[in-house]
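Undergrad: My questions all concern the structure below.
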Amino acid sequence: GKKMKKYYRPPQGKYSESNLKMAKKMGYHTIFWSLAYVDWYEDKQPTREEAFQKLLGRIHPGAIVLLHSTSKTNADILDELLTKWKEMGYQIKPLTQLP
């Protein structure tokens, strides 16, 4: 029952000019990720160690991180991952706080 901001993430990061115009016309804010890893195959999940290696090693200032909700690994490590990023000096903020 609450109104939500409309965000659009082009699947696989693939888009066209007309696609972006249509999203804007429909009231969506297009968001692109800058950090992602192969985490979407339900039957081929990365190990905890693989996930941490990729996510901790690739984090960077201003990162927009894409973590798929279908990933059991992501669910299992999320709290620890966010804690580690904070310990590295990063802040976790919602998309609504983007400039």
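The values are calculated or read from the model by the stated rules, or taken from the named source; none is laboratory data. What you are looking at is a predicted structure, and each value in this text was computed from that prediction instead of being measured. So basically every Cβ, Gly included, is an ideal-geometry build from the backbone, and we count neighbours across all protein chains shown. Only protein heavy atoms, including side chains, enter the accessible area calculation; ligands, DNA and RNA are left aside. Shrake-Rupley method; radii C 1.70, N 1.55, O 1.52, S 1.80 Å.
Undergrad: Under the Karplus relation 6.51 cos²θ - 1.76 cosθ + 1.60, θ = phi - 60°, what is the ordered set of whole-Hz ³J(HN,Hα) values for the stretch 28-37, x standing for Gly and Pro?
TA: 8, 9, 7, 10, 10, 8, 10, 9, 8, 8
Undergrad: How much length is gained if the chain between Met88 and Lys44 is pulled fully straight, taking 0.36 nm per residue apart and subtracting their Cα-Cα distance, in nm to one decimal? Display every interim value, and only then the final one.
TA: Numbers: separation 44, 0.36 × 44 = 15.84 nm, distance 2.88 nm.
Going from the current span to full extension adds 13.0 nm.
Undergrad: Moving to a separate point now. Computing the accessible area with a 1.4 Å probe over protein heavy atoms, can you report the carbon and sulfur percentage for the stretch 1-65?
TA: On the way: 2910 of 5290 Å².
Heavy-atom surface of the stretch 1-65 belonging to carbon and sulfur, 1.4 Å probe: 55 percent.
Undergrad: Along Cα→Cβ, 7 Å out, is where each label goes; now give me the distance between the ones at Ser34 and Asp79 in nm to one decimal.
TA: A separation of 2.9 nm, rounded to one decimal place.
Undergrad: Here is a further query. Suppose only helical runs count, i.e. DSSP H with n ≥ 4. What mean residue ellipticity at 222 nm does that imply for the chain under -39500 (n - 2.57) per run, divided by all residues and rounded to the nearest 500 deg cm²/dmol? Before the final figure, lay out each step's value.
TA: Working: 3 runs with 36 residues, N = 99.
For the chain, the value works out to -11500 deg cm²/dmol.
Undergrad: Is the shape of the stretch 22-69 rounded, prolate or oblate, going by the alpha carbon gyration tensor and its root eigenvalues a ≥ b ≥ c, with a/c under 1.5 for rounded and a/b larger than b/c for prolate? Each step should come with its number before you reach the end.
TA: Values: a/c = 5.03, a/b = 1.72, b/c = 2.93.
Taking the square roots of the gyration eigenvalues as a ≥ b ≥ c, the stretch 22-69 is oblate.
Undergrad: Also, quick follow-up: Would you grab the residues whose amide H sits under 5 Å from the one on Tyr8? Only those 5+ places off in sequence or on another chain, please, with H modelled 1.01 Å from N.
TA: The answer is His29, Thr30, Ile31.
Undergrad: Tell me which label goes with the value of Rg and Dmax of the Cα atoms in Å computed from the coordinates here: (1) 16.0, 59; (2) 13.8, 43; (3) 15.2, 42.
TA: (3)
Undergrad: Keeping every protein chain present and rolling a 1.4 Å probe, give me the accessible area per residue for the stretch 4-78 in Å².
TA: Details: 5490 Å² over 75 residues.
Value for the stretch 4-78: 73 Å² per residue.
Undergrad: Net charge around Ile64, counting only other residues with Cβ within less than 11 Å of its Cβ (Lys, Arg = +1; Asp, Glu = -1)? Show your work: numbers first, answer last.
TA: On the way: positive: Arg9, Lys93; negative: none.
Every neighbour counted, the sum reads +2.
Undergrad: In addition: Per residue of the stretch 86-97, what does 6.51 cos²θ - 1.76 cosθ + 1.60 with θ = phi - 60° give for ³J(HN,Hα)? Whole Hz please, x for Gly and Pro, Karplus curve as stated.
TA: Coupling constants for the stretch 86-97: 5, 5, 7, x, 8, 10, 9, 9, x, 4, 5, 9 Hz.
Undergrad: Here's something else I'd like to know. Looking at Trp33, Ser69, Tyr15, which one has the Cα that reaches farthest to the positive end of the dipole of the chain (charges on Cβ: Lys, Arg +1; Asp, Glu -1)?
TA: It is Tyr15, whose Cα lies furthest towards the positive end.
Undergrad: Cβ neighbours within 10 Å, averaged per peptide: list 16-22, 92-98, 54-60 in order, most packed at the top. Mind showing how you got there, number by number?
TA: Numbers: 16-22: 10.4, 92-98: 8.6, 54-60: 13.4.
Packing proxy ranking, top to bottom: 54-60, 16-22, 92-98.
Undergrad: Can you give the longest stretch of the chain with no exposed loop site, where a site means chymotrypsin sites (Phe, Trp or Tyr not before Pro) in a DSSP loop (not H, G, I, E or B) with at most 13 other C-beta atoms within 10 Å?
TA: Numbers: sites that count: Phe32, Trp33, Tyr41.
Segment 42-99 is the longest.
Undergrad: Too long at a 30 Å Cα-Cα cut-off: which of Lys24/Lys54; Lys14/Lys93; Lys14/Lys54; Lys72/Lys93; Lys14/Lys72? Working shown, then result.
TA: Values: Lys24/Lys54 32 Å; Lys14/Lys93 25 Å; Lys14/Lys54 22 Å; Lys72/Lys93 23 Å; Lys14/Lys72 25 Å.
Over 30 Å Cα-Cα: Lys24/Lys54.
Undergrad: Next question, about the same structure. Kindly write out, for the stretch 60-75 in residue order, the coupling ³J(HN,Hα) from the Karplus curve 6.51 cos²θ - 1.76 cosθ + 1.60 (θ = phi - 60°), rounded to whole Hz, with x marking Gly and Pro.
TA: Whole-Hz 3J(HN,Hα) from phi for the stretch 60-75: 8, x, x, 4, 10, 9, 9, 10, 7, 6, 7, 8, 5, 4, 4, 4.
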